[in-house]
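I have placed the structure first, in the form of structure tokens, so that the comments after it can refer back to it.
The values are calculated or read from the model by the stated rules, or taken from the named source; none is laboratory data. Computed from a predicted structure; not experimentally measured. As a convention, Cβ positions derive from the backbone with ideal geometry for all residues, glycine included, and neighbour counts pool all protein chains shown.
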């Protein structure tokens, strides 16, 4: 075997190990609460051999169909230049629907709503994961039960406080710790299965089907608990860009899937031997001497799972901002080497407040489980629908079988969604309300931004007339003026007001237009495009992918190949800031107020594009909506 092959296998193994913590942190902590939930709450099943085997059978086949087949095998094939996630899939589907405006609008609306639901999942995951881990204290020592909530809140607050320092140092431990976690899951489950091997009969789907036939209502309600074992499915797709589909598949089929199923079956075997163990079958799997170490390991695993969802929320916010659904936000980079390690203060503090309020309101993992499934099942359905749309637009001999499989997945996911809807009153309302609010905010920003651009076009001077007309009467001053513009068909308002009030132009004028592409990354060769408009007047298009961080000074270093010289000390950047004024416009007053508030929260263009502070002139304009 060659050295190159050895290195390739070593790198792939390292990626698979790293993927354990980031990609599988969420679904990897599901054994803490998923199986237990089937026998708790208002829709709890009575503990019997038939109900335990039916539950395990449903768990097994749901994981095989939805995770192993749909996500790991099929959906990972639908990447957007290597990137995954519902927004990346939405951008891919939108490109395929570009010739049908109404269909494209529906695709965008579906994708944006799925992104909104993702935030609900990102807030609930840290709360339910850490809470379910710390609840082990009540199993080990009942006198510690009153400390569960304070300890949980302390861990969560600490987790959010360290975000600004980055995770590069502790991130190296994520993979090994999660590896130990999955190994512990498998060993504990296997030890229990050996004692009660008849539990393996649940591998036969007949147990689940027979239970559904005899008790259709109970089986339908059971689906909401079964779905808790699938809640990390979207993370597989969202994080594929970090590790690649192959490493994600190796980690799932080689370790994660077997360890999870062995542990679920071990919990079932325990309950068959001792029905009272249903109170907390996960921790009761462990011998007494191992309970406290297991609590520590479980807490570490849930912190890692929470870190993955927090990082996912940062990435989702960054992508939404790049695609024009959120205003510019302050983004800090926590690593000098890894561009993907970012910290968004506004998102961090909003999530911290929300997570702490969730713990204080619901107070137990059982109560939070009712709120967990709706957001994720809704996102899964939208992912399936978008995947169907993309599949319809391509040709190949496997298209029809794939469509048939996606149709089956859609039916199953609709059943899961319907079952989770029965828990709206018990807490399922939270992700729905949160998702609706975020969806309104995302679409309001997109619509408001379009209206602002439309209003500007009414008062701005057409670019064609400006560049064709001679300007001998306008005095020229030394240096280069770079005007940021979002619409290349009109003169930037900053230049318009500059001429109106100061009646001068610079020797060299550049209209700089930033284009956010619907692909993750743009090659350096395609970054810049320069168009001469008139003597010493240019239009410069700068392209960024939706996963990239827009650094204009860095991008402009390559402009020399076009023959354009930008002396740093003789270049001034002019940016405009809009002030929204309520008026008889197309937006309702409440949406106008929301858009105005979001505008005030937006990070300034100078900071967002990393423009040097001592070379920026900002001009404010009022826009009536």
### Task
Scan segment 376-416 for residues that are farther than 22 Å from residue 98 by Cα and modelled with pLDDT under 80 and jot them down.
397, 398
### Query
Of all residues in segment 550-574, how many are touching a strand residue (DSSP E or B) at 6+ places or on another chain (Cβ under 8 Å) and at pLDDT below 85?
1
### Task
Taking only segment 601-621 into account, find how many residues are in a loop (DSSP other than H, G, I, E, B) and loosely packed, with under 15 Cβ neighbours inside 10 Å.
3
### Query
Which one of these is more than 30 Å from residue 390 (Cα to Cα) and in the same structural domain as residue 352 (by TED's automatic domain parsing): 120, 111, 154?
154
### Query
Do we find a residue being free of Cβ contacts under 8 Å to residues at least 40 places away in the same chain and part of a strand (DSSP E or B) anywhere in segment 444-451?
no
### Message
Kindly evaluate residue 534 against the criterion of being under 19 Å from residue 559 (Cβ atoms) and exposed (fewer than 14 other Cβ atoms within 10 Å of the Cβ).
### Response
yes
### Message
Kindly evaluate residue 137 against the criterion of being over 20 Å from the mean Cα position of the chain (by Cα), surrounded by fewer than 18 Cβ atoms within 10 Å (Cβ to Cβ) and at pLDDT below 90.
### Response
no
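Mind listing whichever residues of segment 364-400 are farther than 15 Å from residue 428 by Cα and not in a helix (DSSP H, G or I)?
393, 394, 395, 396, 397, 398
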### Message
Only one of 213, 196 is surrounded by fewer than 22 Cβ atoms within 10 Å (Cβ to Cβ), more than 20 Å from residue 417 (Cβ to Cβ), more than 29 Å from the chain's Cα centre (by Cα) and touching a residue at least 40 places away in the same chain (Cβ under 8 Å). Can you tell me which?
### Response
196
### Task
Determine if segment 439-455 includes at least one residue that is in contact with a strand residue (DSSP E or B) (Cβ under 8 Å, 6 or more places away or on another chain) and farther than 28 Å from residue 110 by Cα.
no
### Among residues of segment 255-283, those that are buried (at least 21 other Cβ atoms within 10 Å of the Cβ) and under 30 Å from residue 157 (Cβ atoms), counted
6
### Message
Return the residues of segment 343-363 that are surrounded by 17 or more Cβ atoms within 10 Å (Cβ to Cβ) and in contact (Cβ under 8 Å) with a residue 40 or more places away in the chain; say none if nothing qualifies.
### Response
343, 348, 351, 352, 354, 355, 356, 358, 359, 362
